[in-house]
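Scroll down for the structure; my scribbles are underneath it.
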Amino acid sequence: MKQKKAVTSSLDEIEETLEPIINDPGNTAIFLDLDGTLAPIKPRPEEVAVPPEVSKLVRKLGKRYLAVTVVSGRPATEAKRITGNAELAYIGNHGFETMLPGHAVVVCDEAQPYVPKIRELLEYARSQAEMVDSGIWLEDKTATMSFHYRRAPDHDAAYEFIKKLFLPKIEKLGLTIIDGRKVVEVRPPVEVNKGVAVGALMDRLQVRKALYAGDDTTDIDALKELRKRCRRKQLTVGVGVISDEMPLTLPRYCDLMVERISGMEMILQLLAGEEL
């Protein structure tokens, strides 16, 4: 079930909530989801691009704040290519990868034993004749893989097709699944997600304040992590991006809600110290 309508935060509420972040950039980390937050969702994942004005603002934030990290379900190198900024940190593959500026991608140790099982699942999926006309696209992300069905003519039928044809194999391999926006993510059964990765980076940087912005199911883990740290007296702000496909529970974990990419651009402008 998807939420049809969510309440957008007022400008006064946004400015008041962001003020402690804006006034203390040297102690603040900014975490930004990519697809649906910095860049509009497209029918084909390879068509996704960050608008130039958004890219410019993110670059400005990178020079102003202690750390700016793009957090994505895509591989970290792919997120970096789309964002077009080598000066940022990247958390890729829903937390299974981390790439700091000037460093190579690091895949978490917990996922390594499951990489052969992901390979086996990919080979099995590619061998299925029914996949040819299904409209489903497979994405190989080494430690995880994804079934994308946004291109399928009937999304509900495609989702049921994936579950019926592949769930028994996924369970046999000891892997787990998470549903996203027109995608089924398959991953190792370990406690790694965007929230775990964001929390680890916050600890590494010893940040006092943090902001996370996202729009999808997997972003909820990161938003929960910020809420947990807020209870520990760290100042955190969670921003949710409203869309027609937004998960029903997303607003529950957000301090602010904005409308689509245009609303997110406004948040970035304020964070960058620009006048609206």
- Item | Identity of the residue in segment 35-54, crowded, with 18+ Cβ neighbours inside 10 Å and assigned to a helix (DSSP H, G or I), that ends up nearest to the chain's Cα centre (by Cα) | Pro45
- What do you reckon, is His94 under 21 Å from Pro45 (Cβ atoms), assigned by TED's automatic domain parsing to the domain that holds Asp216 and either modelled with pLDDT under 95 or over 23 Å from the mean Cα position of the chain (by Cα) (or both)? yes
- Note on the structure: Of the listed residues (Leu57, Leu32, Leu66, Leu61), the one being closer than 27 Å to Val105 by Cβ, within 15 Å of the chain's Cα centre (by Cα) and surrounded by 13 or more Cβ atoms within 10 Å (Cβ to Cβ) is Leu32
- Note on the structure: Subset of segment 3-29, residues of a type in the set (Ser, Thr, Tyr) and touching a helix residue (DSSP H, G or I) at 6+ places or on another chain (Cβ under 8 Å), comes to Thr8, Ser9, Thr28
- Task: Scan segment 17-34 for residues that are in contact (Cβ under 8 Å) with a residue 60 or more places away in the chain and either outside any strand (DSSP E or B) or acidic (Asp, Glu) (or both) and jot them down.
- Result: Thr17, Leu18, Pro20, Ile21, Ile22, Asp24, Asn27, Asp33
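Kindly establish whether Ile242 is of a type in the set (A, V, I, L, M, F, W, C), touching a Lys or Arg at 6+ places or on another chain (Cβ under 9 Å) and assigned by TED's automatic domain parsing to the domain that holds Arg74.
So Ile242 passes the test.
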- Message: Suppose we filter segment 99-157 for residues that are within 20 Å of Glu245 (Cβ to Cβ), without any contact (Cβ under 8 Å) to a residue 60 or more places away in the chain, surrounded by fewer than 17 Cβ atoms within 10 Å (Cβ to Cβ) and in contact with a Phe, Trp or Tyr (Cβ under 8 Å, 6 or more places away or on another chain); how many remain?
- Response: 1
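Look at Ile14 and say whether it is in contact with a Ser or Thr (Cβ under 6 Å, 6 or more places away or on another chain), in a helix (DSSP H, G or I) and on the phi < 0 side of the Ramachandran plot.
In short, no.
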- Query: (1) surrounded by fewer than 18 Cβ atoms within 10 Å (Cβ to Cβ); (2) acidic (Asp, Glu); (3) in contact (Cβ under 8 Å) with a residue 24 or more places away in the chain: which one isn't true of Asp12, the others all being true?
  - Reply: (3)
- Message: Tell me yes or no: at least one residue of segment 233-240 is in contact with a Pro (Cβ under 6 Å, 6 or more places away or on another chain), crowded, with 22+ Cβ neighbours inside 10 Å and closer than 22 Å to Met266 by Cβ.
- Response: yes
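Residues Glu191, Glu245, Glu259: which one is over 14 Å from the mean Cα position of the chain (by Cα) and closer than 27 Å to Arg64 by Cα? Outline the logic, then answer.
On the way: Glu191 fails: closer than 27 Å to Arg64 by Cα; Glu245 fails: closer than 27 Å to Arg64 by Cα.
Answer to the selection: Glu259.
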- Note on the structure: Exactly one of Val58, Val7, Val68, Val48 is within 29 Å of Asp179 (Cα to Cα) and in contact with a Ser or Thr (Cβ under 8 Å, 6 or more places away or on another chain), and that one is Val58
- Task: State whether one or more residues within segment 230-237 are of a type in the set (Lys, Arg), in contact with a strand residue (DSSP E or B) (Cβ under 7 Å, 6 or more places away or on another chain) and assigned by TED's automatic domain parsing to the domain that holds Ala197.
- Result: no
- Restricting to strands (runs of 3 or more DSSP E) lying wholly in segment 148-264: which have 1 or more residues that are within 30 Å of Asp24 (Cβ to Cβ) and among the polar types (S, T, N, Q)? 235-242
- Query: When the residues of segment 69-93 are filtered to those that are polar (S, T, N, Q) and within 20 Å of Glu225 (Cα to Cα), which remaining residue is surrounded by the fewest Cβ atoms within 10 Å (Cβ to Cβ)?
  - Reply: Thr69
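The values are calculated or read from the model by the stated rules, or taken from the named source; none is laboratory data. All of these numbers come straight from a predicted model, not from anything done at the bench. Positions of Cβ are generated from backbone atoms using ideal geometry, with glycine treated the same way; all protein chains shown enter the neighbour counts.
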